[in-house]
Each structure stands twice: as C-alpha cells, then as structure tokens.
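Quick one: structure below, then a few questions.
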Amino acid sequence: MTDTHTWPADADGEVLKVLDERGFDFGSTHTIEFYLEFKTWPLSEHQQNEISEKLHGADFIESDPEDIELGDAPGYVLFTTQNKVTHEFVGQEQVRLSKLVAHLDGTCNSWAVCSPCGG
C-alpha cells in the first residue's frame, strides 16, 4: 500500500482503497468495465440499437436465473474501456453513461477493473 493515496469516503473510493492495499498499478492503463442497469429488461431492439450506436462494443448480458434469485438485475449492458483507474475517471464515466441512458430508465453506478493486482 502506498501512503500517497487518500481516497474519498464513497463507494468508488472504497474500491480504490482496496485496490491500493493489494498493490494495484494506478500508473498503467487498464481495462475497466461499466455496468448499465435498466428498470425494464430486456431492452427492445430499438433501444439496443440506440445504445450500440452510442457505445461501440457494448454487450447486452442476460443474468443467470440463480443470480436473479440472489437479487441481481435480469440483465445489463456491459461497456468496456481502457483508461488509467482514477476516482475522477470512474466517477465522471458513471455520470456520463447514466446521462446517456437516463431516457431509457437506465443508470450506471458500478464498475470493475479487469487487470490483476500486484503480488
């Protein structure tokens, strides 16, 4: 863990703190996944096309029945991008993505980094 990072006291800050404690390399570019959930699922073909035009490479994921029983959404849109993992970036990207799908009753309030932590 480094002593130079002070993370905000919010959900994103907590994730970054855990990554920091595990030796995560914040100086490198990583694959970051953002999860967009909707009040109504599945999305119509028109809605899927609209999202695909705005978010190239977005995937439409159907949740497993077991995960739905455990409280997961029935499905979601997965948007993946490459960037350095910073509190500012993940926060701004969640806001941007939420605004992009708000008219479809969608929101983005979760993310994950796909790169391994250090030893």
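For the range 1-58, compute the orientation-averaged projected area of the C-alpha convex hull (one quarter of its surface), in nm².
Numbers: hull surface 23.8 nm².
Reported value for the Cα convex hull: 5.9 nm².
A follow-up question, please. At 222 nm, what value in deg cm²/dmol follows for the chain if DSSP H runs of at least 4 each add -39500 (n - 2.57) and the sum is divided by all its residues, to the nearest 500? It would help to have the intermediate numbers written out before the result.
Details: 4 runs with 41 residues, N = 119.
Only helices count here, giving -10000 deg cm²/dmol.
Could you list the trypsin sites (Lys or Arg not before Pro) in the range 24-119 that lie in coil according to DSSP, counting only those with at most 15 other Cβ atoms within 10 Å of their Cβ? Please list the in-between numbers first.
Values: sites: Lys39, Lys54, Lys84, Arg96, Lys99; in loops: Lys39.
Hits after loop and neighbour filter: Lys39.
Summarise the long-distance tail of P(r) for the range 70-111 by giving the % of C-alpha pairs beyond 14 Å. Each step should come with its number before you reach the end.
Values: 454 of 861 pairs.
Considering the range 70-111, 53 percent of its Cα-Cα pairs are separated by more than 14 Å.
Please state, as a whole number in µm²/s, the translational diffusion coefficient that the Stokes-Einstein equation yields for the range 16-119 at 37 °C and 0.692 mPa s, with Rh defined as the Kirkwood radius across alpha carbon pairs. Walk me through the numbers on the way to the answer.
On the way: Rh = 14.7 Å.
For these conditions, the coefficient is 223 µm²/s.
Next question, about the same structure. Quick check: the distance between the Cα centres of the range 9-31 and the range 67-119, to the nearest angstrom?
Using only Cα atoms to place each centre, the spacing works out to 15 Å.
Run the paramagnetic zone check for Asp25: 7 angstrom along Cα to Cβ, then residues of the range 62-91 with backbone nitrogen under 13 Å.
84-85, by backbone N distance to the label point.
Just grab the label-to-label distance for Val18 and Glu62, each label 7 Å out from Cα along the Cβ direction, in nm (one decimal).
About 2.9 nm, to one decimal.
Based on the Cβ-Cβ distance from Asp105 to Ala11, what FRET efficiency comes out when R0 is 22 Å, to the nearest 0.05? Kindly include the intermediate steps, with their values, before the conclusion.
Values: r = 21 Å, r/R0 = 0.97.
Approximately 0.55, to the nearest 0.05.
Coordinate-derived values only; no laboratory data. Keep in mind the model is a prediction, meaning the values are calculated, not measured. As a convention, Cβ positions derive from the backbone with ideal geometry for all residues, glycine included, and neighbour counts pool all protein chains shown.
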